[in-house]
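First the structure, in the form of structure tokens, and then the observations on it.
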Amino acid sequence: MAKGLPKRSEDFSGWYNELVNKADLAEHSDVRGCMVIKPYGFAIWENMKSVLDAKFKQTGHQNAYFPLFIPKSYLSKEAAHVEGFAKECAVVTHYRLKTGEDGKSVVVDPEAKLEEELIVRPTSETIIWNSYKKWIQSYRDLPLMINQWANVVRWEMRTRLFLRTAEFLWQEGHTAHATEQEAVQEAEKMLEVYADFTEQYMAMPVVKGWKTESERFAGANETYCIEALMQDGKALQAGTSHFLGQNFAKAFDVKFSDANGKQEYVWATSWGVSTRLMGALILTHSDDLGLVLPPKLAPIHVAIVPIYKGEEQLNNIRKVAVKLQNELAQHNIIVKFDDDQQRKPGWKFAEYEMKGVPVRVAIGPRDMENGTAEVARRDTLQKESYPQEGLADKIKALLDEIQENLLNKAKTFQTENTTKVDNWEDFKNVLENKGGFILAHWDGTAETENKIKEETKATIRCIPYDSIEEEGKCIYTGKPSKRRVLFAKAY
RNA sequence: CGGGAUGUGGCCCAGUCCGGUCAAGGCGCCUGGUUUGGGACCAGGAGAUCGCAGGUUCGAAUCCUGCCAUCCCGACCA
């Protein structure tokens, strides 16, 4: 049994916090709302990052880097944009410290006040578009497709490790196009990239859709999003892609000459996913014993635990383990052979379960006599003995099976926890007693959306791509509606 | 920012009401030995300005004031 990990059924958020801590993923820093991502957690993020980075490059994007600081005046050039972010900006006002009057402390030097305050980027549209103005003159400069891996700061009032931190790591793509159609296609394409990543790598199914007007990104004409359902029945926005129209082009005066020499404003997109995906990964698969990782993102795929009496037995087991390790290495399967002498096998079993290592192999004297090994899978906790001969192939297949099983399990969960609802009573009932996604009709007004939010805390997560046209009545006002939208309580 | 709770070696925490050899215990860590098929055992050892800053007092982990942080519930959250 796990030591000290609260049960999900009793204290879900306590479980989450302890898991992040005990699986060695991250911890709180001394700075409010900011986290230290520890090596094991960062290794998972690096795996996510490298897969995404490759996908961005395959779809024609290049990486670049823009400054952390944004002049205050830039932020206010796009009205809706500044409105959306103003309340959560960190501001740099001075550039120097000096020794305080007591001779020990340091104080801000009042002489060193900046002429114009700098904003620590909450997102980089403004500073990037300021550069794009210089980079784009002709239709030959388009499309301009750039991605940046960076940290951003949003001064949130209440934070949770990975799910909402004041500083977080992310990537932000920023593209410029000659035509509206091309920009819309780009925004849609990148959402597909995200959805493909979450399903194929994170084993996390998502609902793709459009945000309602009131949930849109500040400065966007359209926000596309992927929404995932967590184990506790709450929704998590896992990624967004925005069609920005000509809003930033106009704000930063970015025009190009088309083939006929006519001046036009360029069309824009931006899109991003963040370390919040780490939270999504944890909340989707993990259990009361600890983290459960999909093999495609796990830093360690296989942990080998030797069980032995004395050096001689250990050395014999080591030979088998190293051979297996080498065979698996040829398939890029990362193996940890844990021959730590201080820890007993039971401790190691629990440890690798806590850390979500997909496959554990135990080899002891009994196995050495029989030429077998005990293989345990993290997802189902099943244990089975296999011959050492051909074990590498067995494990390789098992890892694929685990990846697939995790996705299927999550899909089943999502399906079972997506409820169609046709009236207000049922809506409140399902929300209260079952949770999850709710598909219901809505009259399309921000007013109704807001009232539902106030009364139930549920928000419209998105208007799903795949919701079919049908005649219906808004569950709140009874007014006619053409399609169902996706409601849920959200993180 | 409002309501509630908490803050004591790396971690979990006793002690705070009623000020005076109280800084206790468990986990972890270090050394040595015995162990190893589901979180081992014995012996020895190191480690604490009791969240921070003031104040009251002969004396403060304990009382008072302010601040900071964390957790839960709200507000907020492309």
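The values are calculated or read from the model by the stated rules, or taken from the named source; none is laboratory data. This structure is a prediction, so every number in the text was calculated from the model and none was measured. As a convention, Cβ positions derive from the backbone with ideal geometry for all residues, glycine included, and neighbour counts pool all protein chains shown. Surface areas here come from the heavy atoms of the whole protein model, side chains and all, with no ligands, DNA or RNA. Shrake-Rupley method; radii C 1.70, N 1.55, O 1.52, S 1.80 Å.
Has region A:308-326 got at least one residue that is closer than 29 Å to A:Asp287 by Cα, modelled with pLDDT of 95 or more and away from RNA strand B (no atom under 15 Å from the Cβ)? Checking region A:308-326: at least one residue is closer than 29 Å to A:Asp287 by Cα, modelled with pLDDT of 95 or more and away from RNA strand B (no atom under 15 Å from the Cβ). Could you look through region A:126-161, keep only residues that are touching a helix residue (DSSP H, G or I) at 6+ places or on another chain (Cβ under 6 Å) and within 11 Å of RNA strand B (Cβ to nearest atom), and pick out the one that is nearest to A:Ala249 (Cα to Cα)? Only one residue tops the list, namely A:Arg154. Determine if region A:174-191 includes at least one residue that is under 25 Å from A:Ala90 (Cβ atoms) and either within 12 Å of RNA strand B (Cβ to nearest atom) or crowded, with 18+ Cβ neighbours inside 10 Å (or both). Yes - at least one qualifying residue is present in region A:174-191. Restricted to region A:22-41, and to residues there that are within 18 Å of the chain's Cα centre (by Cα) and open to solvent by 70 Å² or more (accessible area, probe 1.4 Å), the residue that is nearest to RNA strand B (Cβ to nearest atom) is A:Glu27. I want to confirm something. Restricting to region A:352-372 and keeping residues that are in a strand (DSSP E or B) and more than 36 Å from the chain's Cα centre (by Cα), which single residue is surrounded by the most Cβ atoms within 10 Å (Cβ to Cβ)? Per the stated criteria, the residue is A:Ile363. Of the candidates A:Ile136, A:Ile127, A:Ile146, the single residue that is in contact with a His (Cβ under 8 Å, 6 or more places away or on another chain) and either assigned by TED's automatic domain parsing to the domain that holds A:Asp253 or surrounded by fewer than 14 Cβ atoms within 10 Å (Cβ to Cβ) (or both) is A:Ile146. Of the residues making up region A:136-162, those that are more than 23 Å from A:Met190 (Cα to Cα) and more than 30 Å from the chain's Cα centre (by Cα) are A:Gln137, A:Ser138. With the condition kept exactly as written, say whether any residue in region A:207-215 is closer than 21 Å to A:Ser124 by Cβ and among the aliphatic types (A, V, I, L, M). Checking region A:207-215: not a single residue is closer than 21 Å to A:Ser124 by Cβ and among the aliphatic types (A, V, I, L, M). Within region A:77-91, the residues that satisfy the criterion of being more than 10 Å from RNA strand B (Cβ to nearest atom) and surrounded by 14 or more Cβ atoms within 10 Å (Cβ to Cβ) are A:Lys77, A:Glu78, A:Val82, A:Cys89, A:Ala90. Tallying residues that are at pLDDT 95 or above and in a loop (DSSP other than H, G, I, E, B) within region A:445-465 yields 1. A single entry from A:Leu391, A:Leu407 fulfils the requirement of being open to solvent by less than 50 Å² (accessible area, probe 1.4 Å) and within 26 Å of the chain's Cα centre (by Cα): A:Leu407. Listed by first and then second residue, the pairs with beta-carbon distance under 6 Å, at least 6 apart or on different chains, first residue in region A:151-162 and among the acidic types (Asp, Glu), second more than 7 Å from RNA strand B (Cβ to nearest atom), are A:Glu156/A:Ala166.
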